[in-house]
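These notes concern the structure reproduced below.
The values are calculated or read from the model by the stated rules, or taken from the named source; none is laboratory data. Note that the structure is a prediction, hence the values are computed from the model and not measured. Methodologically, a virtual Cβ is constructed for each residue, glycine included, from the backbone with ideal geometry; neighbour enumeration extends over all protein chains shown. In case anyone asks, the SASA skips ligands and DNA or RNA and just uses the protein heavy atoms, side chains included. Shrake-Rupley method; radii C 1.70, N 1.55, O 1.52, S 1.80 Å.
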Amino acid sequence: MKIQELAAEIESTLLMEEQQIEQFRIRFLGSKNILKDLYAAIKDIPNEQKKAYGQSVNALKEHAERRFLEAKAALHKVQKLSNNEDLTKPAGSPKVGAHHPLSLIRKEILNIFKQIGFDVSEGPEIEDDWHNFSALNFPIEHPARDMQDTFFIQKGEEELALRTHTSSVQVRVMEQQQPPIRTISPGRVFRNEAISARAHCFFHQVEGLYIDKDVSFADLKQTLLFFAQTLFGTQTKIRLRPSYFPFTEPSAEVDISCTLCDFKGCNVCKQTGWLEIMGCGMVDPNVLEACGIDTDVYTGFAFGMGLERIAQLKYRVNDLRLYSENDIRFLSQFKSGMA
Ligand code: PHE
């Protein structure tokens, strides 16, 4: 039989059932297979054609092997499927995904502030100097700009930045809206830091702003106490330590009582009984004026926290990198969370 005819037969033989496949195997690959005659015939082929002839017989053999293996695999798959086909078996439960822990914590924080009248505002991640720095009372060349290692982007003549905090969103809100303002600004922020368990080049913030007549530091403290007790439990205490931010005066760092040891001292609070969770302060009048708000009439407070930090305390996850690596073994542990 001619090589072309055999090639056509190999290609077109129906190989659906066990028997068909076995017959095919015997004919083309068995111990007395038909290709053996072709190999034997090589001695009668003129020398100059031997090479080409040998190659085409080899190709035939490979073709037959390939079809045989594919057919076997396909049959195996079908058999496996039908063996498992027990129609009385209860259906498996559908696979349920999990919300990302940062989504869970963001939702929880926003809900707490919604209860006391805050709305939610968002803004761009790529910011101009005005909204990220200048309007927030960071003068040009002021060393405070170095407090937040900034990623700059050159766009033609203009230097833009990846926002280093969502205070930039607060500036946008103040520019567009007259008081009373009560707003929460969640979002991703960027800082040029080496990635480690304790630092990352991006993280998430939730910042808050309240501007109205007669807003005082006492209002700020009470708001933060309400927040801390709702999120971490009614036994939670807060403490405010004097600090510095260009955009607030006076400024403070906020600590909560350690959620683990209740002042006994542990590794998490480094034996102090306190955990730092955010920065806050009364909005500097320079900021209000830069945004067109009358400082004779209005005062306000602002605060800002890192979502990863809060999630770390709530979920006891100590390595920041886990939040952005998308390891399914980590993420699937948050299945019970509702967002
Ligand atoms: N913007 C500050 C930061 O990113 C946090 C903050 C907000 C502090 C508002 C005080 C008031 O660190």
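Within region 295-314, take every residue that is in contact with a helix residue (DSSP H, G or I) (Cβ under 8 Å, 6 or more places away or on another chain) and not in a strand (DSSP E or B) and give me the one that is farthest from the ligand (Cβ to nearest atom). So, considering only residues that are in contact with a helix residue (DSSP H, G or I) (Cβ under 8 Å, 6 or more places away or on another chain) and not in a strand (DSSP E or B), the one farthest from the ligand (Cβ to nearest atom) is LYS314.
Note on region 227-255: residues that are closer than 22 Å to VAL283 by Cα, away from the ligand (no atom under 12 Å from the Cβ) and in contact with a helix residue (DSSP H, G or I) (Cβ under 6 Å, 6 or more places away or on another chain) total 2. Of the residues making up region 277-323, those that are farther than 30 Å from PRO179 by Cα and of a type outside the set (Gly, Ala, Ser) number 14.
Out of LYS61, LYS107, one residue alone is closer than 30 Å to HIS204 by Cβ and at pLDDT 90 or above. It is LYS107.
Taking the conditions (1) closer than 22 Å to GLU108 by Cα; (2) in contact with a Leu (Cβ under 9 Å, 6 or more places away or on another chain) in turn, LEU240 satisfies each one other than (1). Within the bounds of region 65-75, is there any residue that is aromatic (Phe, Trp, Tyr) and closer than 20 Å to GLY30 by Cα? Yes. Residues that are in contact with a Ser or Thr (Cβ under 7 Å, 6 or more places away or on another chain), touching a residue at least 12 places away in the same chain (Cβ under 8 Å) and either outside the structural domain of TRP274 (by TED's automatic domain parsing) or not in a strand (DSSP E or B) (or both) within region 227-244 comprise ALA228, PHE232, THR236, LYS237, listed in sequence order.
The residue that is farthest from ALA252 (Cα to Cα), among those in region 183-217 that are open to solvent by 70 Å² or more (accessible area, probe 1.4 Å), modelled with pLDDT of 95 or more and more than 14 Å from the ligand (Cβ to nearest atom), is LYS213. Only one of the numbered conditions (1) within 36 Å of the chain's Cα centre (by Cα); (2) of a type in the set (A, V, I, L, M); (3) open to solvent by 100 Å² or more (accessible area, probe 1.4 Å) is violated by LEU110, and that is (3).
If only residues of region 131-178 that are within 16 Å of the ligand (Cβ to nearest atom), exposed (fewer than 14 other Cβ atoms within 10 Å of the Cβ) and not acidic (Asp, Glu) are counted, the one that is modelled with the highest pLDDT is HIS142. Entry remark, region 20-77: residues being among the hydrophobic types (A, V, I, L, M, F, W, C) and open to solvent by 70 Å² or more (accessible area, probe 1.4 Å) number 2 in total.
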